[in-house]
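Since the structure comes first, as structure tokens, the remarks are kept for the end.
Bear in mind that the values in this text are calculations on the coordinates, not laboratory data. Everything numeric here is computed off the predicted structure, so don't read it as measured data. As a convention, Cβ positions derive from the backbone with ideal geometry for all residues, glycine included, and neighbour counts pool all protein chains shown.
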Amino acid sequence: MGYKQITLYSIIAFCFVASIFWVNHNYSFYERPIAKVIEIHLEDTTEVTDMYQNKDHLFTQSLIAELKNGQEQGQHIHLTNQYSSSKAYDQEYHVGDELFISIDTNTKDESKLTGTIEDVKRDKYVLIVAWIFIFTLLFVGKKQGLFSIISLVVNAILLSCALDVYLNTSGIGLLFISSISIILFTVISLLLSNGFNEKTYAAIIATLLGTFISLLITYLVMLFTSEKGLRYEEMQFITSPYRIVFMAGLFVGALGAVMDVAITMSSSIFGLYEKNNNITVKALKASGLEIGKDIMGTMTNILFFAYISGSIPMLILYLKNASPLAFTLSINLSLELARALAGGIGIVLTIPIGLYTTIFFINRKRATK
């Protein structure tokens, strides 16, 4: 193991230990009071019936927690929590849970602090999942995995900045900001993951062409069909034009799958060429089309399941309350299906675009030899 690898692993280990330590002692960084549950008593259990005659049970917990920040740090506070057996809109708390609370300043007994539970402090669990993701990427991808993490962080920062620009600048359209962001996301992700080479350049061009063409086709279909069948109820509280927000979501949502297809096509075809420099263009086309057919079905299914999975709780809720099947599917799945179809169009288009773009770079590379 070289000096650079030892240094890199040492930095990663230090970051891991420091972040774990920090997230377990960062109470002072929060303005809201935080309390750690140290004792729980189950006070009451009652059976209730809702308007649809569905029976449920309500449980009442009495909690004693220790305040971890603020002027009352170290003091005990008494909290009450009520949750249902389904736990759809509430939850049961356990000893050791850390909660965001609001302290009741109007309590009559000054020696006994009381408060209301607002939320759960989950940053330590998010950090654990994040480190599992990071270690998996580093173990499998090595150097490319490290660059993938860097590109992910950079893209997250860019997305945050793009949204800030849109929210704070009235003269710049959301689709324009999304277009610039798409270009930056694509270039940064592929260059960091695969380096500066013809394979990466071909994937960048194929990704951008596939994404923009799929958006154009989707826009034209929506224009000619007057958006019939699309239900925008989930966007009713957005103050911005909901159609533009929906199109921007289509734009960004299709990018990941299109980029995956583009780099798969580029890497596969360049791999064939590097193994056999004398391979013909006809053979490259045939092999590329076979690769495209193999990944087309799986990628479109990935998009479908990714979009539909988030609607499963609402589908169950509607169907459980005797809503008609057609209405339930229309109200909950119309936008998700539109997103999946738009992404699927991008995937299918990217296969031939990626194929011929990669062959163009291969022919140019042959000509320079």
Loop sites in segment 121-205: chymotrypsin sites (Phe, Trp or Tyr not before Pro), DSSP, at most 12 other Cβ within 10 Å: 196
Value of relative contact order over the chain, rounded to a whole percent, pairs C-alpha under 8 Å and six or more apart: 13
Segments 113-119, 152-158, 319-325 sorted - mean Cβ within 10 Å per residue, highest first: 113-119, 152-158, 319-325
Computed helical MRE - 222 nm, the chain, DSSP H runs ≥ 4 contributing -39500 (n - 2.57), nearest 500: -22500 deg cm²/dmol
For 290, 92, order by how many other beta-carbon atoms lie within 10 Å, fewest first: 290, 92
Pairwise FRET efficiency - residue 78 versus residue 47, Cβ, R0 = 22 Å, nearest 0.05: 0.25
Which of 265, 222 has the fewest Cβ neighbours within 10 Å, and the rest in rising order: 222, 265
Model label zone, residue 95; criterion: amide N under 19 Å from point 7 Å along Cα-to-beta-carbon; scope segment 70-86: 75-81
Degrees, to the nearest 10: 325-367 long Cα axis against longest axis of the chain: 40
Contour excess over end-to-end distance, with Cα ends at residue 4 and residue 144 and 0.36 nm allotted per residue: 48.8 nm
Out-of-range pairs (alpha-carbon distance over 32 Å; input 228/320; 4/199; 293/320; 121/143; 143/293; 199/293): 293/320; 121/143
Relative contact order (percent, whole number), segment 296-369, Cα cutoff 8 Å, 6+ residue spacing: 42
Cβ crowding within 10 Å averaged over residues, with 351-357, 31-37 ranked highest first: 351-357, 31-37
